[in-house]
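A quick write-up on the structure given underneath.
The values are calculated or read from the model by the stated rules, or taken from the named source; none is laboratory data. From a predicted model like this one, the values you see are computed outputs, not experimental measurements. Ideal geometry is used to build each Cβ from the backbone, glycine not excepted, and the neighbour counts take in all protein chains shown.
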């Protein structure tokens, strides 16, 4: 009989539970989530004779370092999706909610599920996500500075928009700087400081965008061939999905991306509402794709029009289009993964 070990990961701690093949609890432990705790946990795991399987929830986040530590020791490690843990825990509500209870639920999932994915270090995808997230952070910072500068320019130079229609281009920013060049007031000083920071941010964003474009090309993705998906939408999708092999079906992908509408029917009224769960960055990327296609792709326009003729609102029709495009994106990711694997 084998041993199944569940690991519930947190920033500071790792909770463990060992269970047999029928899900009976053997032992629970907790260790710190640091190099010392990792060594102690590995020694504790080694007490159980093979075959043993270790299931980790959060292997790409708080459990990432421990996951690769176990791989280096030759352990059989699986990734347990949070949804499976949630359903397993809800089967025994009387156990309550705690780290050991979660770890035992993970162990029982490992004992029951035969096809759990193997965690993979998708380094390029992680780097894409980091750079794309940093790019969005810089853009938000730029927008905030531009709003402050615009507010002060309206006060200091009323009507300045007639000569500087926006603060989006380098040319316009330099024109705005010229408007306050000889002004020694504090407000003019702050405007100058903010506009100069915007110029620095613009340079940083351009450099990061070049890196993202280069990295995206090296992934050999065909996402950018789909209407409505540009470089940065594709980077968002790849960064958030990582290894598509972890997602078992297009329905699971729709749940993961929050593009599967939820039923909200009552009486004779049959409708669906927006799914606010799932990965919101991925949902936003597919929403952008749907909005673009609904404007420029005849088939998508006809799809939305047909749904509205059936009695759906525009938003509901767009959500239906998102659900359809979710399947298209998932199929493209799977086909790309197979093609790259064949080439290697």
* Asked: So how many residues does segment 279-299 have that are touching a residue at least 60 places away in the same chain (Cβ under 8 Å) and more than 22 Å from residue 256 (Cα to Cα)?
  -> 2
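When you scan segment 142-152, how many residues do you find that are out of contact with any helix residue (DSSP H, G or I) (no Cβ under 8 Å at 6 or more places or on another chain) and in contact (Cβ under 8 Å) with a residue 24 or more places away in the chain?
0
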* Asked: Is one or more of the residues making up segment 264-279 modelled with pLDDT of 85 or more and farther than 16 Å from residue 320 by Cα?
  -> yes
* Residue by residue through segment 239-254, note down the ones that are crowded, with 21+ Cβ neighbours inside 10 Å and not in a helix (DSSP H, G or I). => 247
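Here's a check for you: in segment 215-230, which residue that is more than 20 Å from residue 339 (Cβ to Cβ) and surrounded by fewer than 19 Cβ atoms within 10 Å (Cβ to Cβ) is nearest to the chain's Cα centre (by Cα)?
Per the criteria, the residue is 230.
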* Kindly indicate which of 118, 106, 155, 139 is assigned to a helix (DSSP H, G or I), more than 21 Å from residue 207 (Cβ to Cβ) and touching a residue at least 40 places away in the same chain (Cβ under 8 Å). => 106
* Inter-residue pairs, beta-carbon under 8 Å, first assigned by TED's automatic domain parsing to the domain that holds residue 161 and in segment 174-187, second surrounded by 11 or more Cβ atoms within 10 Å (Cβ to Cβ) and part of a loop (DSSP other than H, G, I, E, B), 6+ apart -> 175/163; 175/164; 176/164; 176/167; 179/157; 179/163; 179/164; 180/157
* To do: Name the single residue, out of those in segment 23-63 being surrounded by 13 or more Cβ atoms within 10 Å (Cβ to Cβ), in contact (Cβ under 8 Å) with a residue 24 or more places away in the chain and assigned to a loop (DSSP other than H, G, I, E, B), that is farthest from the chain's Cα centre (by Cα).
  => 48
* Can we say residue 84 is exposed (fewer than 15 other Cβ atoms within 10 Å of the Cβ), out of contact with any strand residue (DSSP E or B) (no Cβ under 6 Å at 6 or more places or on another chain) and outside the structural domain of residue 279 (by TED's automatic domain parsing)? -> no
* Is it the case that segment 10-20 has a residue that's exposed (fewer than 15 other Cβ atoms within 10 Å of the Cβ) and in a strand (DSSP E or B)? -> no
* Asked: Of everything in segment 64-79 that's in a helix (DSSP H, G or I) and out of contact with any helix residue (DSSP H, G or I) (no Cβ under 6 Å at 6 or more places or on another chain), which residue is surrounded by the fewest Cβ atoms within 10 Å (Cβ to Cβ)?
  -> 72
* Test: residue 167 is in a helix (DSSP H, G or I), surrounded by 12 or more Cβ atoms within 10 Å (Cβ to Cβ) and in contact with a helix residue (DSSP H, G or I) (Cβ under 6 Å, 6 or more places away or on another chain) -> no
* To do: State all residues of segment 300-322 that are in contact (Cβ under 8 Å) with a residue 40 or more places away in the chain and not in a helix (DSSP H, G or I); if no residue qualifies, say none.
  => 312
